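Encoded as structure tokens, the structure appears first; notes follow it.
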Amino acid sequence: LFIMAFVYPLVKVIHELGHGFAAKARGREVREMGVMLLVLFPVPYVDASAASALPNKWQRATVGAAGMMAELALAALAMFAWVLVEPGTLRAVLFNVMLVAGISTVLVNGNPLLKFDGYYILADLIEIPNLAERSNRFWGHLATRYVLGATDEPPFAATPGEKRWFLFYAPAAFVARMVMMLGIALLVAKRFFFIGVAIALWSLWNAIG
């Protein structure tokens, strides 16, 4: 855990540089990059929001995917080095680089059902801005009209194609969040039972709320 805590910020620096350089390569400005503290843990970030003004959706998606591509390249290099070095601290560091830059970036960052890079790539490619928020509002509209019986509810402003995405996305994203949070809670509970239970209760409270 100590090695992973040391490796994570360094890997994420590479991730954020990937976004930044990809945006610069498309002629966009990157005005800010730094490290913020989340629960006293250092997490790098970059402001590549200027890339949202790119007219081509594939260019926007490339900037969104550049961080993951940089991480996967780093994971591949770490794997080659891991095979060559003897067991010890360096090999443990390389293993954690593979774990963070390989598995976690695909399962979390690349997952379009969580609001990370994969989500913004999907929203760009299907050309539906604010996909998550509009999906939730659409389900709220359906509940108001068909469950609560508010027949005077005005029609929801969306195309038929968008409504099909909204019908699928909101429940799928909800299930994905719950599976991930409860999975983390069960994993933690194996070592620290009360912390795991607290995470599970907090996840359920947020979901119900």
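The values are calculated or read from the model by the stated rules, or taken from the named source; none is laboratory data. Since this is a predicted model, take the numbers as computed values, not measurements. For neighbour counting, all protein chains shown are included, and Cβ atoms are generated from backbone atoms with ideal geometry for every residue, glycine included. Surface accessibility is based on the protein's heavy atoms, side chains included, excluding ligands, DNA and RNA. Shrake-Rupley method; radii C 1.70, N 1.55, O 1.52, S 1.80 Å.
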(request) Between residue 108 and residue 193, with labels modelled 7 Å along Cα→Cβ, what's the label distance in nm to one decimal, could you check? (result) 2.7
(message) To test your reading of the geometry: what angle, between 0 and 90 degrees and rounded to tens, separates the Cα axis of helix 2-25 from the longest principal axis of the chain?
(response) 70
(message) For the chain, take the longest principal axis of its alpha carbons; what is the angle in degrees between that and the long axis of helix 89-98, to the nearest 10 within 0 to 90?
(response) 20
(request) Once you've got the GNM for the chain with C-alpha springs shorter than 10 Å, pick whichever of 167, 38, 54 has the biggest mean-square fluctuation. (result) 38
(request) State the extension gain, in nm to one decimal, for the chain segment bounded by residue 133 and residue 53, taking 0.36 nm per residue of separation less the distance between their alpha-carbons. (result) 26.8 nm
(request) Mind telling me which of 61, 173, 73 comes out most flexible in a GNM of the chain, alpha-carbon contacts under 10 Å? (result) 73
(message) Under 20 °C and 1.002 mPa s, how fast does segment 63-108 diffuse according to Stokes-Einstein, given a Kirkwood radius computed over C-alpha pairs? Answer in µm²/s, whole number.
(response) 200
(request) Rounded to whole Å and ordered largest first, report the semi-axes of the equivalent ellipsoid of segment 1-63 derived from its Cα gyration tensor (root of 5λ). (result) 27, 11, 9
(message) Between helix 131-142 and the chain, what is the angle of the helix's C-alpha long axis to the longest principal axis, kept within 0 to 90° and rounded to the nearest 10?
(response) 30
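So if I average 1/r over every pair of distinct C-alpha atoms in segment 104-209 and take the inverse, what Kirkwood radius in Å does that give? Intermediate results must be reported in sequence, preceding the final value.
Numbers: mean 1/r = 0.0643 Å⁻¹.
Across segment 104-209, the inverse of the average 1/r is 15.6 Å.
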(request) Once you have the Kirkwood Rh of segment 44-147 from its Cα pairs, apply Stokes-Einstein at 25 °C and 0.890 mPa s and quote D in µm²/s. (result) 153
(message) For Cα pairs less than 8 Å apart in space and 6+ apart in sequence, what is the mean separation divided by the residue count of the chain, i.e. the relative contact order in percent?
(response) 15
(request) Treating each Cα of segment 94-136 as an identical point scatterer and ignoring solvent, apply the Debye formula and state log10 I(q)/I(0) at q = 0.18, 0.24 Å⁻¹. (result) -0.54, -0.74
(request) Find the accessible area per residue for the chain; the probe is 1.4 Å, ligands and nucleic acids are left out, and the unit is Å². (result) 63
(message) Could you compute how much accessible surface residue 119 exposes when probed at 1.4 Å, giving the result in Å² to the nearest 10?
(response) 10
(message) Given a 1.4 angstrom probe, I'd like the percentage of the accessible area of the chain that is carbon and sulfur, rounded to a whole number.
(response) 71
(message) At R0 = 41 Å, how high is the FRET efficiency between residue 14 and residue 163 if r is their beta carbon distance? Nearest 0.05 is fine.
(response) 0.55
(message) Let me cross-check residue 125: its accessible surface, 1.4 Å probe, with only protein heavy atoms counted, in Å² to the nearest 10?
(response) 50
(request) Would you kindly calculate the translational diffusion coefficient of the chain, applying Stokes-Einstein with the Kirkwood radius from alpha carbon pairs, for 25 °C and a viscosity of 0.890 mPa s, and quote it in µm² s⁻¹ without decimals? (result) 125
